[in-house]
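I have placed the structure first, in the form of structure tokens, so that the comments after it can refer back to it.
The values are calculated or read from the model by the stated rules, or taken from the named source; none is laboratory data. In this text, all values refer to a predicted model and were calculated from it rather than measured experimentally. Note that we place each Cβ from the backbone using ideal geometry, even for glycine, and neighbour counts take in every protein chain shown.
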Amino acid sequence: MTAAIQPIRGMNDILPDASATWQWVEAVARGIFSAYGYSELRVPVVERTELFARSIGEVTDIVEKEMYSFTDRNGDHLSLRPEATASCVRAALSNGLIHNQSQRLWYAGPMFRYERPQKGRYRQFHQLGAEALGYAGPDVDAELILMSARLWRALGLDGLRLELNSLGTAASRQAYRALLVEYFGDHRASLDEDSQRRLGQNPLRILDSKNPEMQALIAGAPSLTDHLDEESAAHFAQLRATLEAAGVDYRVNPRLVRGLDYYSRTVFEWLTDRLGAQAAVCSGGRYDGLVEQLGGRPTPAIGWALGMERLVELVQDSAPPPPAPHAYLVPLGGAAEQAALALAEALRDELGELRLVTHCGGGSLKSAMKKADRSGAELALILGEEELRQGVVVVKPLRREGEQQGMERGALVGRLRECIQARRA
């Protein structure tokens with residue numbers, strides 16, 4: 001016997017029982033994005049490797065260690081997207097979306113990183129995200145955070161904590177960088193290998209280290225919040241005041257720097273204690289220099305992304321069950337099987353909301369009725385040779401008391417319409 005082909009490690013199937021929760025989360029998010037005036041953007045899964053090297057940063061773990069990159073037949077260096085913000089900016093530039101205009105955009109889809117698979121972290125993972133391009137003030141920062149908070153409420157999700165920080169401008173970070181180099185340089189012997197490498201390239205990334213042996217040293221480092229330029233400090237203060245006015249609780253975390261080089265000023269994360277080591281559910285921040293970095297005019301921008309796998313795990317117990325069919329149609333005999341499919345199509349045409357499953361594969365009436373009951377359908381519709389001759393369909397209630405009865409087409413449609421209305425209520 002030929003061995004079965006196994007899935008790639010860290011790339012998981014989403015089975016039907018779980019996909020219903022995914023669809024619910026996506027539908028709720030889509031409605032909220034629309035309510036705030038955000039339009040969907042769909043970007044390619046494959047981009048030029050240069051896009052991510054220039055945006056995320058060549059010395060980040062993502063670019064150095066985690067991207068799925070290859071050279072195609074034309075000799076072009078390509079990568080599966082590890083995140084979507086850079087692709088959204090590239091798409092906006094390629095298609096003139098931010099030429100003398102601003103955009104509120106959202107996206108959804110798979111991302112790819114060669115990481116060690118663990119709970120909440122996979123090599124193919126899915127993100128929902130929102131990007132606001134062309135907006136400079138802290139008002140849109142607050143709007144994006146408020147929109148994410150509304151999503152948690154709509155999903156019935158509580159217990160998430162919001163952490164904020166400001167990274168300031170490139171100029172203020174440069175001055176802060178010098179302080180970090182001096183501080184960590186004085187403690188070089190206590191730095192792990194990654195941090196020693198980052199000390200000369202991007203010392204802010206040391207603050208993002210998850211090495212528990214480094215945490216006491218990091219806690220003693222100078223605070224970026226204490227070294228913000230005046231404009232960034234005012235921006236951050238106004239953002240905090242707006243969130244407080246809207247009743248959003250938060251904590252300022254001066255060690256929050258985010259793992260991507262393109263961030264500036266506002267950065268934030270929504271955290272949970274329910275997913276073990278993978279505490280971040282949604283992360284984002286401002287990236288005012290990225291559009292120019294990718295070849296466009298200087299354009300302020302901010303966005304956030306959430307991990308669908310983590311979010312689905314958090315809401316799976318509170319997600320509504322997938323909608324059951326209204327009816328299950330059971331044909332008995334060859335002629336009835338042919339007529340049943342035609343009848344089902346006609347009923348779907350007439351009743352646009354009708355969820356109707358037609359039994360296929362033959363078998364006894366008893367086994368078919370067991371499947372009808374397991375489907376969760378309200379009604380079983382039975383069509384045999386005798387019903388065909390009489391021009392009726394037997395309607396049998398499955399969820400409540402009641403006698404089965406033969407119904408002609410008009411009465412059948414009326415009964416199904418009643419069922420649809422009852423389920424809708």
List the helices (runs of 4 or more DSSP H) inside segment 1-94, counting only whole elements, that have at least 2 residues being in the same structural domain as Gly134 (by TED's automatic domain parsing) and exposed (fewer than 12 other Cβ atoms within 10 Å of the Cβ). 16-35
Going by what's in this entry, would Gly134 be described as in contact (Cβ under 8 Å) with a residue 60 or more places away in the chain, more than 20 Å from the chain's Cα centre (by Cα), farther than 14 Å from Thr266 by Cβ and assigned by TED's automatic domain parsing to the domain that holds Val252? yes
Pair list, Cβ under 8 Å, 6 or more apart: segment 399-414 residue in the same structural domain as Lys371 (by TED's automatic domain parsing), other residue exposed (fewer than 14 other Cβ atoms within 10 Å of the Cβ) and of a type outside the set (Val, Ile, Thr): Gly406/Gln390; Glu408/Gly391; Arg409/Gly391; Val413/Glu350
Limited to segment 203-219, what total is found for residues that are out of contact with any helix residue (DSSP H, G or I) (no Cβ under 8 Å at 6 or more places or on another chain) and either outside any helix (DSSP H, G or I) or at pLDDT below 80 (or both)? 2
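The rows are residues; the columns are (1) out of contact with any strand residue (DSSP E or B) (no Cβ under 6 Å at 6 or more places or on another chain); (2) over 24 Å from Val291 (Cβ atoms); (3) small (Gly, Ala, Ser); (4) without any contact (Cβ under 8 Å) to a residue 40 or more places away in the chain.
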| residue | (1), (2), (3), (4) |
| --- | --- |
| Ser172 | yes, no, yes, no |
| Tyr183 | yes, yes, no, yes |
| Leu191 | yes, yes, no, yes |
| Ile206 | yes, yes, no, yes |
| Ala219 | yes, yes, yes, yes |
| Glu231 | yes, no, no, no |
| Asp249 | yes, yes, no, no |
| Tyr263 | no, no, no, no |
Search result, residues across segment 178-202 that are closer than 22 Å to Arg265 by Cα, in a helix (DSSP H, G or I) and out of contact with any helix residue (DSSP H, G or I) (no Cβ under 6 Å at 6 or more places or on another chain): Ala178, Leu179
When you look at Leu51, is it touching a Leu at 6+ places or on another chain (Cβ under 8 Å) and either modelled with pLDDT under 95 or not acidic (Asp, Glu) (or both), yes or no? yes
